[in-house]
Amino acid sequence: MSRNVLATIVITAALLLQVTVANRLPLPGSVSPDLVLLAVVALALVNGSMTGLVTGFFAGLTTDIVPPADHTIGRYAFVYCLIGYICGLAADEMERSPVLPFLAVAAGALAGSVLYAMVGMMLGDPRTRWPVVSHLLPIQVLYDVIASPFVVWVVLRLTRRAEHERGPGGLDAVPGFYRAR
């Protein structure tokens, strides 16, 4: 299974779980974990910055148009694209520390939420006033951090399984084929 197919499956599953399950959870604070953002960060950590950038853009664009989209189209695409790229820069360091993926996901969740709110403020979205954002942001990040071990674990497990199935004779063994890092 190629990385593009795997990324598409992971993002599609995260988006479906976001819309059908996470958004409907009766959690305090009227926010829910952002499973798509967590999936983008996890994929970027596994596959590198270019994969994070492209995956983030398409995941964000899809999130922008899937109901209940009630914001300016392109906000999530912009935010997820930047967060995917930045978190992908830490991909080489991920193998050195078992804690780094979870710290990167927490930092990505915080940065993504802040960036989304800032873009909303610049576009004049009345729901992104500073009092509202400052109250909901800590709860949003807390939910993302709580959900992050599950999302990161699933992405790491699927990626390792796909690499194991590809084996030593896979695309990495073909001369001239370089991993996107």
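To the nearest ten degrees, helix 100-122 and the longest principal axis of the Cα atoms of the chain are 40 degrees apart. May I ask for the angle, rounded to the nearest 10°, between helix 3-20 and the longest principal axis of the chain, with both axes built from Cα atoms and the value confined to 0 to 90°? Relative to the chain, helix 3-20 is tipped by roughly 30 degrees.
Going by neighbour counts of Cβ atoms within 10 Å, the residues Val46, Val114 line up, fewest first, as Val114, Val46.
Ranking of Thr62, Thr12, Thr159 by neighbouring Cβ atoms within 10 Å, starting from the fewest: Thr12, Thr62, Thr159.
Taken together, the values in this text are just the output of simple stated rules run on the coordinates, not laboratory data. Values in this document were obtained by computation on a predicted structure and should not be read as measured data. All Cβ positions, glycine included, derive from the backbone under ideal geometry; neighbour counts span all protein chains shown.
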